[in-house]
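Okay, structure first, notes after.
The numbers here are math on the coordinates, done by the rules we state, and not lab data. Predicted model, so just to flag it, every value in this text is computed and none were measured. Here the Cβ is made from the backbone with ideal geometry for all residues, glycine too, and neighbour counts use every protein chain on show.
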Amino acid sequence: MNRRNYNVSELRRLDVAHHLPAQSSYRLQQQMGGSRIITRAEGSTVWDAEGNAILDGMAGLWCVDIGYGRAELADVAREQMLELPYYNSFFRTATAPAVELAAKLASLHGGALQHIFFNTSGSESNDTVLRLVRYYWALKGQPERSIIISRHNAYHGSTVAGASLGGMSFMHVQGGLPIPGIEHIMQPYHFGDGFGEDPEEFALRAADALEERILAIGADKVAAFIGEPVQGAGGVIIPHRAYWQRIEAICRKYGVLIVSDEVICGFGRLGRWFGYQHFGFTPDIVSMAKGLSSGYLPISATAVSHEIVETLRATDDDFVHGYTYSGHPVAAAVALRNIEIMEREALVDRVADDAGPHFAEAIGALADHPLVGEVRTLGLIGAIELVAEKGTNRRHGKGGAAGPVVRDACIARGLMVRAIRDTIVMCPPFVITHEEIDRMAAIIRAALDEAV
Ligand code: PLP
């Protein structure tokens, strides 16, 4: 039951009249007569204003890891608001929750990354990355080391820096991006770009593209490489293990900093606290958001190595970067409690040893469907590739794309998944039950059957 009474038709009318939803077609919003109004959630389920239940196979936007309806987080937010709702001066002050959260994050990262800069979103964290790495190299007396290498089809956010670091060409078209000094290399997308090739050889070829680009640019001009351990918004692209180890070796060889964008992979999504721990490499900088607070309040964090901070400490100059809401005490208190819940309920282990394997089995069983070319999962993230011809990676092509058709059929049956072109992606909350995972798989199968 909703706590409030909602006038759905009036809300939808106001939505069209006044509300521009993020990353949306405003023509379609108008044609649909307004957005679907989501009013309530519990566990892994959300309800709309009309009372329809939707199993949330996406954890909101890849973020509600501990599930919905945690009263404990509301309590902690209320207590912190009454104690100190906000404070920042940009002049030698801090708040207790921000300091405590920084220490907690440093401990989760173990030895290498001991220093934390706070922001409000994943995009902002990557803005911080861009300014920080260039400032670092300038302080080291190498200001010409300013180029950042990323990958085609990467997603690093939607601010000017975030979208420029990202490699989505359709995002670059709007706004004349990327900004100068950012280059993109191939992604390690075996199904799309290396079909039929030995997976390890393909992964090494994709990683070696980094070395080729560094040499083409000149190693003394390259500041950093940035990548998501598993590309999320690009279509849940899970690289072969060999990929990141080769990337790390190349970066170390040329003194290039490694930035791990853990906005989706962090906080247990892959079955370890951080994606770099799963793939076995050591980054110099890590971006975190989403699972940091399970989306209950906006907060993000940028973890930085001791070596970089030692360099920043070699000057009295300010790092002239930061946000009004950096280290927001209420968001920090909620993030701390979110992490405490993850630890208390051993949710990262649950992803690795219980829900994750069950998800792999249930979703993996869809590989036999005539429309399915490949199923990939790791922890609680997964992708289903839809193909026009079984045994190939041939797509349905523009206009005949199957992804949106299957997605819409899932939503109509009460399951939220996302279609990235012809790839169906899933990213459920860590608390999803086995029964709910089985229901996800059954709904997707029914939607695939309908689409054949
Ligand atoms: N980086 C990655 C890997 C992401 O997946 C996202 C968002 O999906 C971002 C950065 C941007 O985060 P935000 O939307 O909080 O700005």
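A few points about this structure:
- Burial ranking of peptide ranges 21-28, 369-376 (average Cβ count within 10 Å, highest at the top): 369-376, 21-28
- Backbone N under 12 Å from the Ala94 label point (7 Å along Cα→Cβ), restricted to region 118-142: 118
- Taking every DSSP helix (H) stretch of at least 4 residues in the chain, weighting each as -39,500 (n - 2.57) and dividing the sum by the residue count yields a mean residue ellipticity at 222 nm of -12000 deg cm²/dmol.
- Beta bridges by DSSP in region 73-344, antiparallel share as percent, to the nearest 5: 45 percent
- Available extension along the chain between Thr433 and Glu389 is 12.5 nm, counting 0.36 nm per residue and deducting the alpha carbon span.
- Placing unit charges on the Cβ atoms of the charged side chains and taking the dipole of region 3-89 about its Cα centre, the candidate lying farthest along the positive direction among Val8, Asn52, Ala41 is Val8.
- Calculated FRET value between Arg445 and Ile217, using beta carbons and R₀ = 51 Å, to 0.05: 0.60
- Of the chymotrypsin sites (Phe, Trp or Tyr not before Pro) found in region 101-209, those that fall in a DSSP loop while having at most 16 other beta-carbon atoms within 10 Å are Phe195.
- Order of Asp65, Asp127 under a 10 Å beta carbon neighbour criterion, fewest first: Asp127, Asp65
- At full extension, Ala17 and Ala412 could sit 139.6 nm farther apart than now, given 0.36 nm per residue minus the alpha carbon distance.
- For Ser123, the shell of other residues with beta-carbons less than 15 Å away shows a net charge of -3, using +1 for Lys and Arg and -1 for Asp and Glu.
- Computed log₁₀ I(q)/I(0) - Debye formula, equal Cα scatterers, no solvent, the chain, q 0.08 Å⁻¹: -0.47
- Taking other C-beta atoms within 10 angstrom as a stand-in for reagent exposure, Arg131, Arg439 fall in the order Arg131, Arg439, fewest first.
- Amide N proximity, region 412-452 versus Asp353 label position 7 Å along Cα-to-Cβ, cut-off under 19 Å: 430-434
- For the chain, size of Cβ-based charge dipole, Lys and Arg +1, Asp and Glu -1, in debye: 900 debye
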